[in-house]
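The values are calculated or read from the model by the stated rules, or taken from the named source; none is laboratory data. Given the structure is predicted, the values throughout are model-derived calculations rather than measurements. Backbone-built Cβ (ideal geometry, glycine too); neighbour counts: all protein chains shown.
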Amino acid sequence: MWSLSHITNEIHEWLSSTFNPTWTLIFEMVLAGVAVIGLFAVLGLVLVIMERKVSAWMQIRLGPNRVGPKGILQSTADTIKLMVKEGMTPSGADKFLFNLAPFIAMIVAMLLMAPLAFAKDFQLWDLNIGVLFVSAISSLSVISILMAGWASNNKYSLLGAMRSGAQIVSYELSAGLSVLSIVVLAGSLSVSDIINSQADGWWIFKGHIPAIIAFITFIIAVTAETNRAPFDLAEAESELTAGFHTEYSGMKFALFFLAEYVNVFIVCAIGATLFLGGWMPLHIGSWDGFNHAMDYIPSSIWFFGKTFFLIFLIMWFRWTFPRLRIDQLLNLEWKYLLPISMINLLLITAMAILKWHF
Amino acid sequence: MYRQTDIIEDNRDTAQGNFVINVGPQHPATHGVLHLVITLNGETIQKIEPHLGYIHRSIEKMCESLSYRQFIYVTSRMDYLSAHINNHACSLCVEKGLQVEIPPRAQVIRVLMDELTRIASHELWWGAMAMDLGAFTPFFHAFRERETINDIMEETCGARLTMNYMVPGGVMHDIHPNFQKRVKDFMQLYKKKINEYDELVTGNVIFQNRMKGVGVISAEDAVSYGCTGPVARGSGVSSDIRKIYPYEIYDKLEFDEVLETGGDSFARYMVRIREMQQSIRIVEQLIDNIPEGDFMTKTKAVLKLPKGEFYSRVETARGELGVYIVSEGATTPYRIKFRSPGFSNLSILDKMVRGGKIGDLIAAMGTLDLVIPDIDR
């Protein structure tokens, strides 16, 4: 079975046969860094064009169809336009923080890619607390938003940033609790261990109804955490014009924009890893022929297929639902999602101890 | 004249943690150049002051220097979403002064056009209001049906938005031969698609939570602030000019005045949704029964209204539009005054959303269905 790890193995062998181990490590780190930056850019472009096509399809229109075949180069053209545009800094703004904020958003999004397993044996950093690392780093993204909102010296930005602060901090709880329920089931915080524990079936199937509840809570919470509609109160176009990035233009705006999409990709990748088995192919009990056929599909296709399915789900929300009000948003978290996910975690823990899951 | 400086200098306000924010004149939710000065405490609204005049074109003054045939075209630019009905109100007023009867064919065509305009206007309101709440897709679904109406208008009147089709004495020219067929096609399409509206917006839990119990107007307030149209009817105040002071052939038609008693944003929403169905009902009654005959009464080339005062009122998509003409017997009116529904409806905004959140303001403003050129004129 072909996998992305074949490429990395060959590069590794070639580098180790040419250089000494220290230089090999340095070159490999540089390559990984370049790959992450490349992935950041490519994912941003792909997701933007995907969102525009999905929204066009839901809104009975064609969407971008002029630049390149079927308009697939539209987001590239948009990026070039944003890069040559002047990045304005308002005169009343705190210049240092204002210019720093987009980079923090970008760095957070890039850091989160480290523990993701994109395919079999294809992972930047298989650290033993991978899931904890993800939840720790993702909570940093609120800092960039608060920084941008405060430094802009604009009341709309400030309102957006404050909304976003309340929202991300609250929804992290239920996102964390639903992640924890899978950690309890798998018995490990390491991403590769969690994936390997799903070799005989994905947790969403093995974990009975509590796992499905955890999955639904997770999807709702991460939609809110990434500030996507119906929880896009930080941007809230019709209320706050553009929320925390009202004053940003050019590439600084584009960094926020790309970081949002890359964050969506990352949370969906984590959802796919925890609940849908990451790069694990779909296996059904003792259907050996079927399982064997599924094994022939490369693991990277399984991973990206599941991730993009979840991304499509989140885009579907955005183009269907109206936005919540800020008090309703916090009510939903503190009065419904948090108690549900707490009880659910207890159920799952009992299930894991009593070995009730498959 | 403006009180804006007073708010900023009011130290007591800012000492309590209040701050002032300008919504508009350029803002996605004001649908035009409305300027709201809002005093906020956190997210809670303390006070709203609408500032008008950004699109004031002195239409009333302009009308006074134009002849009775010409000034009607200017009024299309007041409430551009119901241009037909504005023209209709002015034509009615001039006809009242001239004391001409218009032929039955023209009357039926006028009513048909009015009701199609009302549907088109409510369609646009529905899409734009959903967009205010953060749902973008309904806008495109609404425009699918609205385009069909615009195509019908384009064929018969030659324009899609500012039609200028109604003139004193009747309508400018006869309907297009395809008119009846295309209107029937539209009604079929509309009946097929109306369920989508409920599936997409009305039944949505988030939407209902955003609308119910928000921006409540009591029946007394609706009367004392002079609200008309769907805004008043959402509070249970009967205010349909088509029923109270019937003009043209409305007294011979079967349709219900839509009344909701909730008074909140959701009631106003339901009034407009149900009103579209009533308009469809009217169109259905008339589309096969357009009488033969002239579409216009012969009038003199230069119209002169006798000395006196004339007033006519019609029900536009937004409420009561009144046209008041004072004539000195010349070829141009001495004074013209328009009573526009948007102006009165806007005045209750502060009362209805005080104490609510910013999101409530946007939702409630959406249900007022404001057209800014109609407020400023």
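Overview of values
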| item | result |
| --- | --- |
| Residue match in the stretch A:162-169 (condition: at pLDDT below 85 and surrounded by 17 or more Cβ atoms within 10 Å (Cβ to Cβ)) | no |
| Contacts under 9 angstrom Cβ, first residue in the stretch A:7-21 being more than 18 Å from A:Ala35 (Cα to Cα), partner surrounded by 10 or more Cβ atoms within 10 Å (Cβ to Cβ), 6 or more apart | A:Ser16/A:Thr24; A:Thr18/A:Thr24; A:Phe19/A:Ile26; A:Phe19/A:Phe27 |
| Residue within the stretch B:263-279 that is within 21 Å of B:Met113 (Cβ to Cβ) and in contact with a Leu (Cβ under 9 Å, 6 or more places away or on another chain) present | yes |
| Subset tally (residues that are surrounded by fewer than 17 Cβ atoms within 10 Å (Cβ to Cβ) and of a type in the set (Ser, Thr, Tyr)) for the stretch A:278-300 | 2 |
| Scan of the stretch A:64-86 for residues that are surrounded by fewer than 17 Cβ atoms within 10 Å (Cβ to Cβ) and not in a helix (DSSP H, G or I), ordered by number | A:Asn65, A:Arg66, A:Val67, A:Gly68, A:Ile72, A:Leu73, A:Lys85, A:Glu86 |
| Residues (at pLDDT 85 or above and of a type in the set (D, E, K, R)) located in the stretch A:278-324 | A:Lys306, A:Arg318, A:Arg323 |
| Filter result (more than 14 Å from chain A (Cβ to nearest Cβ) and either in contact with a Leu (Cβ under 7 Å, 6 or more places away or on another chain) or closer than 16 Å to B:Leu368 by Cβ (or both)) within the stretch B:204-222 | B:Val216, B:Ile217, B:Ser218, B:Asp221, B:Ala222 |
| Answer from B:Val201, B:Val231 - the residue that is within 14 Å of chain A (Cβ to nearest Cβ), part of a helix (DSSP H, G or I) and crowded, with 24+ Cβ neighbours inside 10 Å | B:Val201 |
| Among residues of the stretch B:54-92, those that are small (Gly, Ala, Ser) and either in contact with a Leu (Cβ under 6 Å, 6 or more places away or on another chain) or within 19 Å of B:Ala128 (Cβ to Cβ) (or both), counted | 3 |
| Conditions (1) outside any helix (DSSP H, G or I); (2) touching a residue at least 40 places away in the same chain (Cβ under 8 Å); (3) crowded, with 20+ Cβ neighbours inside 10 Å; number of the one not met by B:Val216 | (3) |
| Of residues in the stretch A:221-240 being farther than 14 Å from A:Arg325 by Cβ and among the charged types (D, E, K, R), the one nearest to the other protein chains (Cβ to nearest Cβ) | A:Glu237 |
| Positions within the stretch B:204-213 being surrounded by 20 or more Cβ atoms within 10 Å (Cβ to Cβ) and either touching a strand residue (DSSP E or B) at 6+ places or on another chain (Cβ under 6 Å) or not in a helix (DSSP H, G or I) (or both), in sequence order | B:Asn204 |
| Residue that is nearest to A:Leu39 (Cα to Cα), among those in the stretch A:240-257 that are of a type outside the set (Phe, Trp, Tyr) and in contact with a Leu (Cβ under 8 Å, 6 or more places away or on another chain) | A:Ala254 |
| Scope the stretch B:242-275; condition buried (at least 22 other Cβ atoms within 10 Å of the Cβ) and either closer than 30 Å to B:Lys96 by Cβ or touching a Phe, Trp or Tyr at 6+ places or on another chain (Cβ under 7 Å) (or both); matching residues | B:Val271, B:Arg272, B:Glu275 |
| Scan of the stretch A:319-348 for residues that are in contact with a Ser or Thr (Cβ under 8 Å, 6 or more places away or on another chain) and over 26 Å from B:Ile362 (Cα atoms), ordered by number | A:Leu337, A:Leu338, A:Ile340, A:Ser341, A:Asn344, A:Leu345, A:Ile348 |
| Residues that are more than 16 Å from B:Tyr68 (Cα to Cα) and of a type in the set (A, V, I, L, M, F, W, C), drawn from the stretch B:92-124 | B:Ile102, B:Ala106, B:Val108, B:Ile109, B:Val111, B:Leu112, B:Met113, B:Leu116, B:Ile119, B:Ala120, B:Leu124 |
| Selection count, the stretch A:41-63, where residues are farther than 22 Å from A:Val264 by Cα and not in a loop (DSSP other than H, G, I, E, B) | 0 |
| Among (1) among the basic types (Lys, Arg); (2) within 14 Å of another protein chain (Cβ to nearest Cβ); (3) crowded, with 19+ Cβ neighbours inside 10 Å; (4) in a helix (DSSP H, G or I) - the single one A:Arg323 does not satisfy | (4) |
| Residue in the stretch A:348-355 that is within 26 Å of B:Thr137 (Cα to Cα) and without any contact (Cβ under 8 Å) to a residue 60 or more places away in the chain present | no |
| Leading residue by the ranking (nearest to B:Met62 (Cα to Cα)) among those in the stretch B:333-345 that are touching a helix residue (DSSP H, G or I) at 6+ places or on another chain (Cβ under 6 Å) and either surrounded by fewer than 23 Cβ atoms within 10 Å (Cβ to Cβ) or not β-branched (Val, Ile, Thr) (or both) | B:Pro333 |
| Among (1) under 19 Å from the mean Cα position of the chain (by Cα); (2) under 25 Å from A:Pro339 (Cβ atoms) - the single one A:Ile213 does not satisfy | (1) |
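Residue by residue, here is whether (1) surrounded by fewer than 24 Cβ atoms within 10 Å (Cβ to Cβ); (2) out of contact with any Pro (no Cβ under 6 Å at 6 or more places or on another chain); (3) more than 14 Å from chain A (Cβ to nearest Cβ) holds:
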residue	(1), (2), (3)
B:Asp114	no, yes, yes
B:Trp125	no, yes, yes
B:Phe136	yes, yes, no
B:His141	yes, yes, no
B:Cys157	yes, yes, yes
B:Asn164	yes, yes, yes
